[in-house]
1. Pairs Lys17/Lys53; Lys67/Lys99; Lys53/Lys99: which exceed 23 Å Cα-Cα?
2. Extension gain Met65-Asn84, at 0.36 nm per residue separation less the Cα-Cα distance, in nm?
3. Give the peptides 85-97, 39-51 in descending order of average Cβ contacts within 10 Å, highest first.
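Since every read-out is calculated from the coordinates, none of them should be taken as a lab result. Predicted, not measured: the structure shown is a model, and the values here were computed from it. Cβ sites come from the backbone with ideal geometry, for glycine too, and all protein chains shown count toward neighbours.
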Amino acid sequence: MFVTQLCTTLNILIMSKISKFVEATNNGKIFSATFEKKDGTIRTINCRRNVSKGVKGVGYSFDPMSKGLLSVYDMQSKGFRFINLETLVEAKVNGEIFKFLL
């Protein structure tokens, strides 16, 4: 019982941090994020959100946020990428560091 309550509390805290992170990155400024890729490697990306250059206006055929994905523009490889919010380890936005995994 205690373990279940603890896990629920931790999940609520992490989701609250993720919400604050997503809101803080909505201004289009560059930020960095560290996350675990599908192959298990850790990646740090310098990116920004709300980039309209190169967008054809068609949009995605699905809602990325409903699948726990954050659409970003990778500043180094100059392309659009997704960050899986469930594997997000750390992010730095406007000098503030968000840590997600314990």
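1. The pairs that break the limit, which is 23 Å between Cα atoms, are Lys17/Lys53; Lys53/Lys99.
2. 5.9 nm
3. Sorting 85-97, 39-51 by mean packing, highest first, produces 85-97, 39-51.
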